[in-house]
Amino acid sequence: MKIITGNNLRSGAVVWWTGYDWSLHVEDSIDVGEHAEAVIQREEGAQRVNGAHAVEATRDEDGVRPAHIKDRIRALGPTVRPDLTLKPADPAVGNWVI
Amino acid sequence: MYRYDQYDQAMVDARVAEFRDQVSRRLAGRMTDDQFKPLRLKNGLYLQLHAYMLRVAIPYGTLNSRQMRKLAQIARTYDRGYGHFTTRQNIQYNWIRLEDAPDILGDLAKVEMHDIQTSGESIRNISADQFAGAAADEIMDPRPWCELIRQMTSFMPEFSYLPRKFKIAVIASKADRAALRWHDFALRIVRNDAGETGFEVFAGGGMGRTPFIAFRIREFLPTNEIFAYLQAVLRVWNRHARRDNIHKQRMKILVHELGEKEFARQVEAEHAGFLARGANFPQAEYDRIAEFFAPPPFEQGLNDDIDLADPEFAAWAERQVVAHKAPGYAIANISLKPVGGIPGDISAEQMDVVADLAERYSFDELRATHSQNLVLPHVRKADLPAIWRALRDCGLADANLDLATDLIACPGLDYCSLANARSIPVAQKIAARFADAERQARIGELKIKISGCINACGHHHAGNIGILGVDRKGIENYQLLLGGSGDAETSQARIAGPGFDEDGIVDAVEKATELYLRQREDGERFIDTYRRIGMEPFKEAIYG
Ligand code: SF4
């Protein structure tokens, strides 16, 4: 699947396109398929997000998983500071990144 | 240390106001990202993987306690309670909100700090020997020269739109603690046979994608010709630089393509032109600045002994304490490399402790090092036990200066948007492998440096053991390099062979150190053995 991500203009936080808004959680991403360019262009005009771009991902029973490690680290937070990730209480969260 | 006059303060305050206006226009949608990006980069504000990252300049690595406390307050108020000291003696915050950035700059300006020229195609923060003004082996304090060059080059139009970034370092001793020849332009203060002070000048160094070691362009440059010479160098670079090709814009590429001889010829011709036109040296300004760097009022008649009765303290003191020029005083190095920690990271609470120590014991002075550690430059030997206890109580008393666990690591893929692979977990695994104090001591000086991409912020080209993270079809992979050095005998590390995964690279580092232990001769450091026996035996031990 193709999902869209960028960084929130104000906070810089990593965000994911949900179909009508941006979410901090990658699992809220929708497959934009052919429409990636149109969404990116429209959202660039709205100026809420910096650097919107499409990335490859897969969806399985654990949710949406970006194909590239860089996007998985973006989705979660720094692997060396689990306390600062989006899932600080999940001991297995590192496995998801690798 | 240097204190702002009304001109410095007015310039920095104006810059804060200007950036506040730029940010408000961006947030109101009156500026596009393309328009705003170069403006925020001019203020050291990057957009990284998880948030904005702010890089704050620490000119030539010198800080006072008030500034350190402000850095702690910024970490607590605007970030997530910590900061990261970089390989350019700066500090970075990883979790900055754009809307807070102008307030942070305003807070910094209150303690005479800023983030100007910490990014972009400009003369970056000028680095210096972290022991400047304290080292027993220096000719003079190099920092007045750093400050003078900083003032001369800040906002100067000719130097504001350079082809690419430009890095300068200044030292004043034979021992090189600033990786001098890895800079675009580097000065070593020397004395000639007539006893006159001048600069030995190097040009054309740099790491990154295409590493080059700077060549000596001038054996002796009279100090009062420094501006004419620097301007001549920049002018020759500006004239020929390949602004059309980002990979060829650094001055080192021009030096390589023109050849050292021809580059030097053109610089000397330009320099002669400046002198003929009567380029004046601002002696009064130099004298004004130099006064700020007068030695602090060292006490006389102090006892020169250190009480090493406590073995834990003794282990720390033997590793972390360095000779000072004043009798009874010492330089105390503070490790930011605890095993299991993140190289260069420091919490706001630790910053406050270090600030207190500087205020109480070190004439209010601190230094940041390019090895991502801190220094208390002027402490009485008698105070070392108290300093050690305070450091121990806040987790900063590791005794590993220049040992295997004192690794340099860039932020890598955990934070950096340009990264190919993570650096910090590799650093942590290597540190865990070599954590045993006895083992580290047996290995002795070993400089391991890790970068998460070819930009080489982790100085892997200068590592006795260098590690470069690469992306192999979405999988992290690590190249091993051997034989690099940033010291007086500067050398560039060479790739040993095929790359490894994260665990494989740790094993490879261990194999290299074991071979060294088997092969070393009396008194040899890792780098000495490598230089003597060459790459082949290491290759065999690692890949055979
Ligand atoms: S070396 Fe690469 S990964 Fe590391 S901080 Fe520099 S740009 Fe980022």
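The values are calculated or read from the model by the stated rules, or taken from the named source; none is laboratory data. The model shown is predicted, which means the values in this text are computed figures rather than measured ones. Ideal geometry is used to build each Cβ from the backbone, glycine not excepted, and the neighbour counts take in all protein chains shown. Quick note on the areas: whole protein, heavy atoms, side chains included, nothing else; ligands and nucleic acids left out. Shrake-Rupley method; radii C 1.70, N 1.55, O 1.52, S 1.80 Å.
Using only helices, what value at 222 nm comes out for chain A when you add -39,500 (n - 2.57) per DSSP H run of length 4 or more and divide by the total residues, to the nearest 500 deg cm²/dmol?
Working: 3 runs with 24 residues, N = 98.
Roughly -6500 deg cm²/dmol at 222 nm, from the helical runs in chain A.
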Where the accessible area of chain A is counted over protein heavy atoms with a 1.4 Å probe, how much of it, in %, is carbon and sulfur? 51
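Using a 1.4 Å probe on the protein chains only, how many percent of the accessible area of segment B:183-296 belongs to carbon and sulfur? Provide the component values of the computation, followed by the final result.
On the way: 2560 of 5280 Å².
The computed percentage sits at 49.
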Where in segment B:39-53 does accessible area fall by at least 30 Å² between the isolated chain and the complete protein assembly, at a 1.4 Å probe radius? B:47, B:49, B:50, B:52
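Determine the order of B:70, B:252 by accessible area, beginning with the largest, at a probe radius of 1.4 Å. Please report the intermediate quantities before stating the final value.
Numbers: B:70 35, B:252 10 Å².
Sorted descending by solvent-accessible area, the residues read B:70, B:252.
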At a 1.4 Å probe, which residues in segment A:59-98 are at least 40 Å² less accessible with all protein chains present than in their chain isolated? A:68, A:69, A:70, A:73, A:78, A:80, A:81, A:84
Give the lysines whose C-alpha is closer than 25 Å to that of residue A:87, dropping any in the same chain fewer than 8 places away, or say none. A:2, A:70, B:429
One quarter of the convex hull surface, Cα atoms only: what value does that give for segment B:408-543 in nm²? 7.7
With 23 Å as the limit, write out which pairs from B:42/B:167; B:174/B:539; B:165/B:473; B:174/B:511; B:447/B:539 have Cα-Cα distances beyond it, or answer none. B:174/B:539; B:165/B:473; B:174/B:511
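Nearest 20 debye, what's the magnitude of the dipole of segment B:226-303 about its Cα centre given +1 on Lys and Arg Cβ and -1 on Asp and Glu Cβ? Spell out each step's value before the answer.
Details: 11 positive and 10 negative charges, 119 e Å.
Here segment B:226-303 has a charge dipole of around 580 debye.
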So how far apart, in nm, are the two label points at residue B:519 and residue B:174 if each is 7 Å from Cα heading toward Cβ? 2.8
Debye-sum result for segment A:33-98 in log10 I(q)/I(0), which assumes one identical scatterer on each alpha carbon, at q = 0.12, 0.16, 0.19 Å⁻¹: -0.41, -0.67, -0.84
Just to verify a number: FRET efficiency for residue B:192 and residue B:272, C-beta to C-beta distance, R0 = 25 Å, to 0.05? 0.80
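Keeping every protein chain present and rolling a 1.4 Å probe, give me the accessible area per residue for the protein assembly as shown in Å².
Value returned for the protein assembly as shown: 39 Å² of accessible area per residue.
What is the sum of charges around residue B:393, taking Lys and Arg as +1, Asp and Glu as -1, for the other residues whose C-beta is under 13 Å from the C-beta of residue B:393?
Details: positive: B:389, B:392; negative: B:312, B:349, B:352, B:356.
Result for the neighbourhood of residue B:393: -2.
Please list B:418, B:108, B:41 in order of solvent-accessible area, largest first, computed with a 1.4 Å probe with all protein chains present. Please list the in-between numbers first.
On the way: B:418 110, B:108 0, B:41 40 Å².
The residues order as B:418, B:41, B:108, largest area first.
Placing +1 at every Lys and Arg Cβ and -1 at every Asp and Glu Cβ, with all other atoms neutral, what dipole size does the protein assembly as shown have around its Cα centre, in debye to the nearest 20? Mind dumping the intermediate values first?
On the way: 80 positive and 91 negative charges, 314 e Å.
I would put it at about 1500 debye.
Total accessible area buried between chains B and A, 1.4 Å probe, in Å² to the nearest 100? Spell out each step's value before the answer.
Working: alone 21430 and 6080 Å², together 25210 Å².
Counting both chains, the buried surface is close to 2300 Å².
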Would you work out which of B:344, B:376, B:327 lies farthest towards the positive end of the dipole of segment B:311-393? Charges go on Cβ: Lys and Arg +1, Asp and Glu -1. B:327
Please work through the protein assembly as shown and write down the cysteines that have no neighbouring cysteine Cβ at a distance under 4.7 Å. B:146, B:394, B:416, B:453
Which parts of segment B:54-91 would a label at residue B:3 reach, counting a residue when its backbone N lies under 14 Å from a point 7 Å out along Cα-to-Cβ? B:64-67
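Express as a percent, rounded to the nearest 5, the fraction of DSSP beta bridges in the protein assembly as shown (both residues included) that run antiparallel.
Working: 67 of 80 bridges.
About 85 percent, rounded to the nearest 5.
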Nitroxide proxy distance, nm - points 7 Å out along Cα→Cβ at residue A:62 and residue B:503: 1.8
By how many nm would the segment from residue B:10 to residue B:532 lengthen if fully extended, with 0.36 nm per residue of separation less the alpha-carbon distance? 182.4 nm
Which value, in Å² and to the nearest 10, is the accessible area of residue B:299 when all protein chains are kept and the probe is 1.4 Å? 80
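With +1 on each Lys and Arg Cβ and -1 on each Asp and Glu Cβ, and nothing else charged, work out how big the dipole of segment B:127-290 is about its Cα centre, in Debye to the nearest 20.
The dipole of segment B:127-290 has a size of about 820 debye.
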Label-to-label distance, nm, for residues given as residue B:283 and residue A:39 (7 Å Cα→Cβ offset): 6.9
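Report the FRET efficiency, 1/(1 + (r/R0)^6), for residue B:244 and residue B:35, where r is their Cβ-Cβ distance and R0 is 30 Å, rounded to 0.05.
So the FRET efficiency works out to roughly 0.85.
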What is the local net charge at residue B:119, summed over the other residues whose Cβ is closer than 10 Å to its Cβ (Lys, Arg +1; Asp, Glu -1)? +3
